[in-house]
Amino acid sequence: MLKTKVSLLLSFMLSLAIVVCLSTIASAAITTGISGTVKDINTGAAIAGATINDGSRTTATSDASGNYSLSEAAGSYTLKISVSGYQTTSLVCTVASGALTNVNFSLTKAYGTQTIPAASMGYSVFAWNDLGMHCDQNDYSYFSVLPPFNTLHVQIKNRNNTSGMITSGVNVAYTFPKKTNSTLHTNFWQFAPKYGWNVPANIGITGTPLSGTMQVDAKNLGFVATGIPITPYDDDGTWDPYGAANITVTDTNNNILQTAAVAAPVSTEMNCQNCHGTTNPQLDILQKHDSHNGTTLVTDQANGTLHQCSECHSDNALGAPGKTGVESLSLAMHNFHKDKMTTTTVAANTTPGCYNCHPGTNTQCLRGIMEKAGKTCVDCHGDMNKMTTSLQGGRQAWLQEPKCADCHDSKHQENANTLYRNSTFNNSPISVMNGELYCEACHNSTHGEFKSTNSADASIPQKFQGDDYWIWNCKVCHANKTQKAMHT
Amino acid sequence: MKKYLIYMLTLSVFLTFNLAGCSPQEQTSREVLDKYFTSAQQQDYATTYTCYDSEYQKKVTKDEFISHRKEASVVQSYKVLQLDTQKDAAKATVEITFASSTKFKRTEPAIVKVNEDLIKQKDGWKIKV
């Protein structure tokens, strides 16, 4: 009996020693490996008790302040984090020899248990804008960087059959109820012919109108309207960079199968005035361009000859080849301005600095889950120096962009050599779905990924899933499925 | 007891009328619609901004709104063609005439018919964007 008691006591002491030893190791400040914090993505509150696993046997648990650390050798790791009440997620990282890599987690609450609204519908519709934001100018009387141009995509699923996405036997129409006449608040069409665009009023440079019928896309997976010439101005003059389009899907007998609303983000918030003055920033830009490059843009403009930037600077956004020996527009802009962001106090204080040229401090182009998780433009795109060096190194702007797979695990990476916006779902629990659904159909456009901070983005998941998450519930598309995990 | 009840009733009626008289009169949906377009007509865009719902005001600051609104066409006149007001929401059809403009190379005024949505928020009727 005594022997048993001693044995039990020893076992207990040994266990205690191991626990104390392990916790000492875990809490000791490490110098090589991974450390970071775990927070709630909405509240920013520290999450204690989260388990972080490096894919092997090494695990750590976040403390009361949300801090964790893992002692690791140099190499690449996929960290998986799980804790009750939150979504399990993964991030990839690399540890350099003798260095400490910082990986912070912002966790999203577990899915709700709401009734899925789509369960009582015959068809589901996914709709999204391609880039998450398009740029537009308030004035085209001096030069043109980009014309009014927006692109919407739609995919349709019959919930009651097992076939793929519908691309025939239906008509998909789009309208912008509050933006029916762009000519009211932009002078683009007055000057369009001078830029070589001979398009009628309210017709975009691709021939696409403000409302009309969408065409089957190049992959035959859905519908697209490319180059819709909307501006951020509603007909009544309201500046709304997140104007909504109404999508109506009808059958061949014109019966309405489904409707949906989707934001088509576009903004004029380019903030050139932060450095080029408020009196006439366009003229100042032309004057400085002439002064630095020996061009005659000011005289040309005065004589009624207007230039698109892409006449000389190649621009993949417009498919413009530019002139040999002249930097691409993206390279020229980042290279020339990279050391001028402190030219004025306003520019220096604009956070992030990218919002001096890209829309913008009010527009908040970066508003999706990445922003909620604390990421900035620079975390994915790099700063202006990196933008410059990557473009000088041959990167093609608009065609070679940041990849989800740079941070997320293999289950969530894009298709090989394909941008996020063109990639499709490839690891479905039902193989017939592979290659059918665009990533953006469930996760929304880049910069506005679900869950977005802007309520205008959430109309699709709100209508079909009853929340503002990415599409996670298989019932949204399938009447007879109950899975809640898309990526296997 | 009867006397007490009469006192209470008189006091209640007195307080009700007085409080109603003292509290600021809430603007009707039509009044807010008029304020919205009249201020735009007068290019008093700071006032126009106050007519928007809180959701819009959260996204767009007053200064930013004013700077962008100045870039758009100027309202010359407006006519409320229809206004349907329910408990907490209203729908209006309005014909707006925008002034001729050098910037937009428009020699004649432009007329457009728009639908406006209004919602009742805690601080009264607002234009819903």
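The values are calculated or read from the model by the stated rules, or taken from the named source; none is laboratory data. If you're wondering where the values come from, they're calculated on a predicted model, not measured in any experiment. Backbone-built Cβ (ideal geometry, glycine too); neighbour counts: all protein chains shown.
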Discussion item. For the range B:96-129: of the residues being surrounded by 14 or more Cβ atoms within 10 Å (Cβ to Cβ), charged (D, E, K, R) and more than 11 Å from chain A (Cβ to nearest Cβ), which is farthest from B:Arg30 (Cα to Cα)?
Written reply: B:Lys120
Discussion item. Can you tell me which of (1) surrounded by fewer than 17 Cβ atoms within 10 Å (Cβ to Cβ); (2) closer than 18 Å to A:Val145 by Cβ; (3) under 22 Å from the mean Cα position of the chain (by Cα) is the one A:Lys340 doesn't meet?
Written reply: (3)
Practice prompt. Given the conditions (1) assigned to a strand (DSSP E or B); (2) buried (at least 16 other Cβ atoms within 10 Å of the Cβ), report the number of the one that A:Thr94 does not fulfil.
Written response: (2)
Practice prompt. Being more than 7 Å from chain B (Cβ to nearest Cβ) and among the hydrophobic types (A, V, I, L, M, F, W, C) is the filter; apply it to the range A:178-195 and report the residue that is surrounded by the most Cβ atoms within 10 Å (Cβ to Cβ).
Written response: A:Phe188
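Going through the range A:456-474 one residue at a time, which ones are in contact with a helix residue (DSSP H, G or I) (Cβ under 7 Å, 6 or more places away or on another chain) and either within 14 Å of chain B (Cβ to nearest Cβ) or over 17 Å from A:Thr259 (Cα atoms) (or both)? Steps first, answer last, please.
First, the residues of the range A:456-474 that are in contact with a helix residue (DSSP H, G or I) (Cβ under 7 Å, 6 or more places away or on another chain): A:463-471.
If the condition is that a residue be in contact with a helix residue (DSSP H, G or I) (Cβ under 7 Å, 6 or more places away or on another chain) and either within 14 Å of chain B (Cβ to nearest Cβ) or over 17 Å from A:Thr259 (Cα atoms) (or both), then A:Asp467, A:Asp468, A:Tyr469, A:Trp470, A:Ile471 are the ones that fit.
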Discussion item. Just to be sure I understand, how many residues within the range B:77-106 are farther than 13 Å from A:Leu184 by Cα and part of a strand (DSSP E or B)?
Written reply: 16
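Out of A:Gly44, A:Gly33, I need the residue that is within 27 Å of the chain's Cα centre (by Cα) and either modelled with pLDDT under 95 or under 22 Å from A:Tyr111 (Cβ atoms) (or both). Which one?
Values: A:Gly33 fails: within 27 Å of the chain's Cα centre (by Cα).
Only one candidate passes the filter, namely A:Gly44.
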Worksheet item: How many residues are in contact (Cβ under 8 Å) with a residue 24 or more places away in the chain, under 25 Å from A:His487 (Cβ atoms) and in a loop (DSSP other than H, G, I, E, B) if we restrict to the range A:54-83?
Response: 4
Worksheet item: Out of (1) touching a residue at least 60 places away in the same chain (Cβ under 8 Å); (2) on the phi < 0 side of the Ramachandran plot; (3) within 14 Å of another protein chain (Cβ to nearest Cβ), the odd one out for A:Asp236 is which?
Response: (1)
Discussion item. Quick test for you: out of A:Ser120, A:Ser163, A:Ser124, pick the one residue that is touching a residue at least 40 places away in the same chain (Cβ under 8 Å) and either more than 14 Å from every other protein chain (Cβ to nearest Cβ) or of a type outside the set (D, E, K, R) (or both).
Written reply: A:Ser124
Worksheet item: If you check A:Ile156 against the conditions, is it part of a loop (DSSP other than H, G, I, E, B) and more than 14 Å from chain B (Cβ to nearest Cβ)?
Response: no
